[in-house]
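What follows is one structure encoded as structure tokens, with my remarks underneath.
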Amino acid sequence: MSINSLVSFDFMVIIMKLSLLKIPRNHSTMNISKSGYRVFSANSTTACTELAKKITERLGVDLGKSVVYQESNRETRVDVKESVRGQDIFIIQTIPRDVNTAIMELLVMAYALKTNCAKNIIGVIPYFPYSKQCKMRKRGSIVCKLLASMLAKAGLTHIITMDLHQKEIQGFFSFPVDNLRASPFLLQYIQEEIPDYRNAIIVAKSPSAAKRAQSYAERLRLGLAVMHGEAQCSESDMADGRHSPPPMSSGRTTSGHPGLELPLMMAKEKPPITVVGDVGGRIAIIVDDIIDDVEDFVAAAETLKERGAYKIYIMATHGLLSAEAPRLIEESAIDEVVVTNTVPHEVQKLQCPKIKTVDVSMILAEAIRRIHNGESMAYLFRNITVDD
């Protein structure tokens, strides 16, 4: 046998052995399988895990095994009971009444998953806390921006939320934010559950809510009414230093100009409440993003009743319903308050049968599925305009 034949035979034997061992020929083929994903709840209480269970049922997966609890000194502890290495992890956190504890639970769990080598950590926060503190007021701070920075530092790489109080909040984050809308579910409720909704009129409780109300009115082909006269915030500027007189000349010398007589901004006067639009003989549907302290809604309902509306509905995405809200709603002229399950409110429903719930787990589950599979989110935002 010639030398060339022996070399060819040895080469063929080597190739056969390599194929039997199934050794990849290059590094790029070693990780071709897509990593899995897990869904965790950042709170172990029954009320807060209800939404998480609905989402996992729609996805056909089990809720991740973890324990979240408070130590005797009120410190938050998180124990993740399964491996998350190399996986996409979705943390569902609904915000109960104890907002600050819920935030700490989310931060600690995100950091625990980060240190356990999770590939991506996506926070599913249907109601984003501190969203009302998104503007600078007097000598305060923009707490919403602080929270966004804390979430990024803890390890979150993406957030799914719903109906932010101001859409501009998305600019506070250094990672992607998907701001889903609950309006399709609330519109469906109006069409299916409110008899004779064609005789309804959409009402904005204040001029600031007019864009949202206009969106509902145009989609339902209904009329629009706007209430005006009640200030959104009754803030007092008397003690914040803005009305301090200009510095008077004293014994010490000052450089530059003396005190300037600047023109003062005229103080606002609360006008008598008016309703722009005819609500007489109509079903009035007040729409807003958050219903928390309900005094303004109760006052608006009484005004609409006086103007001739024979039924009053309130539609809101986030039903915080703090303090005495259930009792006030029960004793008011409001016929029904419809909110989504972005915030747990089972206790409030037991106190007030007028409170109804719309389930939004479907869109949250679909968002999770699309993000994990790398699919476009455009389907969830179809027919959504800039003003919605």
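Arg382 versus (1) within 23 Å of Ser131 (Cβ to Cβ); (2) open to solvent by 30 Å² or more (accessible area, probe 1.4 Å): which is the lone unmet condition?
Tallying (1) within 23 Å of Ser131 (Cβ to Cβ); (2) open to solvent by 30 Å² or more (accessible area, probe 1.4 Å), Arg382 fails exactly one: (1).
From the set of residues in the range 124-156 that are among the hydrophobic types (A, V, I, L, M, F, W, C) and farther than 16 Å from Asn179 by Cβ, which is farthest from the chain's Cα centre (by Cα)?
Met136
Working only within the range 131-176, note down all residues that are in a helix (DSSP H, G or I), farther than 24 Å from Val386 by Cα and out of contact with any Pro (no Cβ under 8 Å at 6 or more places or on another chain).
Val143, Leu146, Ser149, Met150, Leu151, Ala152, Lys153, Ala154
If a residue has to be more than 19 Å from Arg85 (Cβ to Cβ), outside any loop (DSSP other than H, G, I, E, B) and out of contact with any Ser or Thr (no Cβ under 8 Å at 6 or more places or on another chain) to count, how many in the range 33-46 make the cut?
Total meeting the criteria: 1.
For (1) charged (D, E, K, R); (2) under 23 Å from Asn373 (Cα atoms); (3) not assigned by the TED database to the domain that holds Ser174, each residue gets a yes or a no:
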{"residue": "Ser44", "(1), (2), (3)": "no, no, no"}
{"residue": "Gly86", "(1), (2), (3)": "no, yes, no"}
{"residue": "Ile91", "(1), (2), (3)": "no, yes, no"}
{"residue": "Asn100", "(1), (2), (3)": "no, no, no"}
{"residue": "Lys114", "(1), (2), (3)": "yes, yes, no"}
{"residue": "Asn120", "(1), (2), (3)": "no, yes, no"}
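If you check Leu364, Leu320, Leu350, which single one turns out to be modelled with pLDDT under 95, surrounded by 17 or more Cβ atoms within 10 Å (Cβ to Cβ) and not small (Gly, Ala, Ser)?
Leu320
Mind checking which residues of the range 72-130 are farther than 18 Å from Ala148 by Cβ, touching a strand residue (DSSP E or B) at 6+ places or on another chain (Cβ under 6 Å) and in a helix (DSSP H, G or I)?
Of everything in the range 72-130, those that are farther than 18 Å from Ala148 by Cβ, touching a strand residue (DSSP E or B) at 6+ places or on another chain (Cβ under 6 Å) and in a helix (DSSP H, G or I) turn out to be Ala112, Leu113.
All but one of (1) assigned to a loop (DSSP other than H, G, I, E, B); (2) open to solvent by less than 20 Å² (accessible area, probe 1.4 Å); (3) not aromatic (Phe, Trp, Tyr) hold for Pro263; which doesn't?
Condition (2) is where Pro263 drops out.
Output the number of residues of the range 157-181 satisfying the condition of being within 20 Å of Asp288 (Cα to Cα), of a type in the set (A, V, I, L, M, F, W, C) and more than 10 Å from the chain's Cα centre (by Cα).
1
If you scan the range 266-279, which residues turn out to be over 19 Å from Pro195 (Cβ atoms) and either open to solvent by less than 70 Å² (accessible area, probe 1.4 Å) or part of a loop (DSSP other than H, G, I, E, B) (or both)?
The answer is Met266, Ala267, Lys268, Glu269, Lys270, Pro271, Pro272, Ile273, Thr274, Val275, Gly277, Asp278.
Yes/no matrix, rows are residues, columns are (1) open to solvent by less than 70 Å² (accessible area, probe 1.4 Å); (2) under 19 Å from Phe381 (Cα atoms):
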| residue | (1), (2) |
| --- | --- |
| Gly155 | yes, no |
| His158 | yes, yes |
| Leu164 | yes, yes |
| Glu168 | no, yes |
| Ala182 | yes, yes |
| Pro195 | no, no |
| Arg198 | no, no |
| Val203 | yes, no |
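The values are calculated or read from the model by the stated rules, or taken from the named source; none is laboratory data. Source: prediction; values computed, not measured. All Cβ positions, even for glycine, are placed from backbone atoms using ideal geometry, and neighbour counts span all protein chains on display. Please note that ligands, DNA and RNA were not included when accessible areas were found on the heavy atoms of the full protein model with its side chains. Shrake-Rupley method; radii C 1.70, N 1.55, O 1.52, S 1.80 Å.
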